[in-house]
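The values are calculated or read from the model by the stated rules, or taken from the named source; none is laboratory data. Since the structure is predicted, the reported quantities are computational estimates derived from the model, not experimental observations. Heads up, the Cβs are rebuilt from the backbone with ideal geometry, glycines too, and the neighbour counts pull from every protein chain shown.
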Amino acid sequence: MIAYNLVCKDGHEFEGWFANSTVYDSQEKRGDLICPVCGDGSIAKAIMAPAVKTSVTKAKGRNVVGTPDEQKKLRQFVAGFRKYVEDNADYVGPKFPEEARKIHYGETEARHIYGESTVSEAKELIEEGIEIAPLPTDPGDLN
Ligand SMILES: [Zn+2]
């Protein structure tokens, strides 16, 4: 079996499986190849794109990662994670790098904190061996 990325004259791309390239050639000559999107019969081989291992599905011309159900679960996870942090950690705002260091070096009570830092501040903390993690974006921002 051989797989070709095919494209109709309207630019719809789809995958066609053939026993071998001769079968493809004869089906193409007979006009047996039909675009599954618009039914167009002018089909050509598309330029092969490198295989990418993601669950990207094409829907109405826009790329969507995962099914709607998976996206819902992701939003619930992000919301749950934020809530956990907000319930269990002290908000220290822009003093986050300073507080994180104090906790790491035992200068203040060990506890979970969250707050803001710049990317370079976060990098410095990681380089010092301080465990930090970015807080996921509010799920409302994803829509
Ligand atoms: Zn088409």
Tell me, please, whether a residue that is modelled with pLDDT of 80 or more, closer than 30 Å to residue 16 by Cβ and either among the basic types (Lys, Arg) or assigned to a strand (DSSP E or B) (or both) can be found in the range 45-52. yes
Restrict the check to the range 70-84 and report whether at least one residue is surrounded by 14 or more Cβ atoms within 10 Å (Cβ to Cβ), more than 16 Å from the ligand (Cβ to nearest atom), more than 30 Å from residue 125 (Cα to Cα) and modelled with pLDDT under 85. yes
Look at the range 81-120 and say how many of its residues are among the charged types (D, E, K, R), over 13 Å from residue 132 (Cα atoms) and touching a residue at least 12 places away in the same chain (Cβ under 8 Å). 4
